[in-house]
Amino acid sequence: MTTLALDEREIEQLRTVAGVLIPGDRDAPAAMDLLEFDDLLHRASSALGPDLPALHEALRRLPTEIDTWALVAFSTGEPAHFALIGTTVSGAYFMAPAALTAIGYPTGPRSAAPFDLAADELAGGILEPVLERGFDD
Amino acid sequence: MSSVENVDVLIVGSGPSGSVTAHTLASQGFSVLCLEQGEWFDSSDFPGGKPEYELLTRQLWDTDPHLQGRLRDYPMNLDECDVAPAMFSAVGGSSVLFGAQWMRLRPTDFRIRSVDGIADDWPISYEDLAPFYDEIDAQIGVAGVSGDPAYPDHDLPMPPHPMGRTGVQMAEAMNRLGWHWWPGSNAIPSSAFKHMGQCVRWGVCERGCPAGAKASFDIAYWPHATKAGARLIAGARVARITLDSRGRANGAIWIDREGGEHFVGANTVVLAANGVGTSRLLLMSDDQHSDGLANSSGLVGKNLMMHPNAPAIGVYDDALQAWNGPAGQLLYSLEFYETDLARGFYRGAKWNLMPYPGVLSVLNLFDDLPFEQRWGTGLHQLSRYAGRASVMYANIDDLPEETNRVTLDPELTDSSGLPAPRVRYRFSENTRRNLKFQSDRMVEAHEAAGAAHVFRGPIYPSGHVLGTARMGNDPATSVVDSYGRSHDVPNLFIVDGSVMVTGAAVNPTATIAAFALRTARHIAETANQSAAVTA
């Protein structure tokens, strides 16, 4: 069984922070609306590797009452701790296909370039000015 | 201590130069053993295809070995370093994480004493290396466009990768500026080739290719080397090179993962452990030489060059699809490569344009914005710049200086208890002026291409560690001769970037590999004459 990097209380803290930092907009879902967000928070925190103890510490120092003003103050007073928490929640959020799709970013496997694309790019003479100038040592 | 065996050729380090040497000599019938302190990696190990890719690159897959936290790496004292060396201990060496930007030195790079009156000329010329460049290119499937007017004519074996919208937009801007550029040449075959897969443009080449499509030397060379009979032991950390009573190298002592010591005997020893690792090993191998092995010149570890790399990142309103690789270089420019003293410094830089993939990486560019613009609905607006950013890097031609050097730290040790290297590297005034000039011009390039925002990034950790065992004809002013043979120890060779007399400004791996091939051929050809190798 895999050991989770964060306990339930820490996950709840991150969920609350994400609710403030990443609301939805016209196209993009709110972090709290992503069904898989808890799983993504675990995955994000595990990916921090040697930074994980720093995340535990940052969460210990987080204010008890979390709202916009509390996070503004935290970001000013403890910028490194805030940055790590912000990276973790936004890193988890942008693992979600729905969040990536909303900004037009690809998800899933990639594909090879179209066969003729490189030749097409050069076919219009884009290199001609370079060749005409030559190169002086 | 257990004695394993005796071999014709012992190679320390399995990166580009070590693998080329192993393949070349094993193919000619020599018994070859390579010792590598790192491990084998598989393309499925790499982070680039995983959803948490950007988080993994913060530490576990950072290019800085200090942040990776792996015992196979040796620590370094970098208290006096203006830029951190980037390394990766693995079969294939740092090429596992290199960008595969495949560049030859220009002919002038071999003779800047003659051209500019500074530093020293190399004891070899472009023409000496050209056939070996060609041979390596063909072996690993270099992709690009022949005919760059900045170079003597040479063919590239594979057609180029597309530049994509990112590259075309910048190329058009460079044409408007009247500046040199050329489609990127990359050690990434443009179609499946030998043991390498098809590039699917993940754009994450510098963290290991998830598709196995990049010519890192674990897959581009080692399968061929082992088929030819070369053997490789991973997880083998070499503690020192040993000498016989005549002062000739006769093998090495190495330490396995459990701390067990072994000895392997060899008729010839080849060092291929990069500009830090090779000089560290020479300095540790001092049984008969108080200043380290092969160091009668006193130059082992000195003249370290690292190509400080200044980035300028452009963020565009245009939908560039900048998640598409390779990265790799989409294009490069040598416009500001050669010396123009009107700029206030010697030499110049090579530029390369790369995609700037990821969402967090783009968001981080805006970390200085007020909270309400960086977070909340502001985050969604900023995140739409993902896929619309590119980065131009300037690879600076730093010059050799004896004060930039590798020594042994008196206190710090690796996990085997061996002395760690202490690396001192400070920017000269010439380098600072070069960095400033190139950064300003790169900003102009992005602006000409229509960037909405341009950011100057911090100096990037450098995987180019060069010059610490320079080659030359005079034993008083060089460590090895023009074939990488130690002036002091005739059966000891160095084939990595340590031998470079000057660093040039292009990515050095093509030159390192070509030099290794030339040296390996020389070892084979002279084996019977010199008894350097008794096959």
Phi-derived 3J(HN,Hα) across segment B:225-233 with the Karplus relation (6.51, -1.76, 1.60, θ = phi - 60°), rounded Hz, x for Gly and Pro, is 5, 5, 4, 6, x, 5, 10, 9, 10
For B:Ala90, distant residues with modelled amide H under 5 Å away: B:Gly38, B:Glu39
Between A:Asp33 and B:Glu5, how many nm apart are label points set 7 Å from Cα along the C-beta direction? 6.4 nm
Mind listing which trypsin sites (Lys or Arg not before Pro) in segment B:426-511 are in a DSSP loop and have 16 or fewer other Cβ atoms within 10 Å? B:Arg426
Once a ≥ b ≥ c are taken as the square roots of the eigenvalues of the Cα gyration tensor of segment B:312-377, is the result rounded (a/c under 1.5), prolate (a/b larger than b/c) or oblate (a/b not larger than b/c)? oblate
Any residue on another chain or 5+ positions along whose placed amide H is under 5 Å from the amide H of B:Asn250 is listed here as B:Thr242, B:Leu243, B:Asp244
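In nm, what is the difference between 0.36 nm times the number of residues separating B:Ala319 and B:Ser245 and their Cα-Cα distance?
19.8 nm
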When the Cα centres of segment B:281-327 and segment B:449-513 are compared, how far apart do they sit, in Å? 8 Å
Sequence-distant or interchain residues sharing an amide H contact under 5 Å with B:Arg111, placed H: which? B:Trp122
If you put +1 on each Lys and Arg Cβ and -1 on each Asp and Glu Cβ, how big is the dipole of chain B around its Cα centre, in Debye rounded to 20? 540 debye
In order over segment A:99-105: 3J(HN,Hα) from phi, Karplus 6.51/-1.76/1.60, θ = phi - 60°, whole Hz, x for each Gly or Pro, gives 5, 5, 4, 4, 9, x, 9
For segment A:32-110 and segment B:39-78, compute the distance between their C-alpha centroids and round to whole Å. 21 Å
Nearest-0.05 FRET efficiency for A:Glu8 and B:Asp340, computed from C-beta distance (R0 51 Å): 0.20
Which shape class applies to segment B:1-143: rounded if a/c is under 1.5, otherwise prolate when a/b exceeds b/c and oblate if not, where a ≥ b ≥ c are the square roots of the Cα gyration tensor eigenvalues? oblate
Rounded tilt (10° steps) of B:509-530 against the dominant C-alpha axis of chain B: 10 degrees
List the aspartates and glutamates whose Cα sits under 19 Å from the Cα of B:Lys50, skipping any in the same chain fewer than 8 residues away. A:Glu36, A:Asp38, A:Asp39, A:Asp51, B:Asp42, B:Asp62, B:Glu206
Please arrange B:Thr377, B:Thr431 by counting, for each residue, the other beta carbons lying within 10 Å of its beta carbon, fewest first. B:Thr377, B:Thr431
Prolate/oblate/rounded label for segment B:72-114 (Cα gyration tensor, a/c 1.5): oblate
Cβ-Cβ FRET estimate between A:Ala83 and A:Leu117, R0 fixed at 25 Å, reported to 0.05: 0.05
What's log10 of I(q)/I(0) for chain B at q = 0.07, 0.08, 0.10 Å⁻¹, Debye sum over Cα points only, no solvent? -0.36, -0.48, -0.75
How much length is gained if the chain between B:Asp45 and B:Asp409 is pulled fully straight, taking 0.36 nm per residue apart and subtracting their Cα-Cα distance, in nm to one decimal? 127.8 nm
With both partners inside chain B, how many of the DSSP beta bridges are antiparallel, as a percent to the nearest 5? 65 percent
Would you give the gap between the C-alpha center of segment B:216-268 and the C-alpha center of segment B:352-380, rounded to a whole Å? 46 Å
On a 0 to 90 degree scale, rounded to 10, what angle separates helix A:79-93 from the longest Cα axis of chain A? 70 degrees
What is the pair-distance distribution P(r) of chain A, computed from all Cα-Cα distances in 5 Å bins starting at 0, with each bin given as a whole percent? 2, 9, 16, 16, 13, 10, 6, 4, 5, 7, 6, 4, 2, 0
Selection of trypsin sites (Lys or Arg not before Pro), segment A:24-97, meeting DSSP coil and at most 10 other Cβ within 10 Å: A:Arg26
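Please report B:Lys227, B:Lys214, B:Lys194, B:Lys302 as a ranked list, fewest other C-beta atoms within 10 angstrom at the top and most at the bottom.
Working: B:Lys227 11, B:Lys214 34, B:Lys194 14, B:Lys302 23.
Placing the least packed residue first, the sequence is B:Lys227, B:Lys194, B:Lys302, B:Lys214.
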I need the per residue convex hull volume for the protein assembly as shown, using only the alpha carbons, in cubic angstrom as a whole number. 154 Å³
Could you name the lysines whose alpha carbon sits less than 30 Å from that of B:Lys302, not counting residues in the same chain fewer than 8 places away? B:Lys350, B:Lys436
Quick one: helix B:274-284 against the long Cα principal axis of chain B, what's the angle to the nearest 10°, folded into 0 to 90? 30 degrees
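Any read-out appearing in this document is the output of simple, stated calculations on the displayed coordinates, not a laboratory observation. This is a predicted model, so every value here is computed, not measured. Cβ atoms come from the backbone with ideal geometry, glycine included; neighbour counts cover every protein chain shown.
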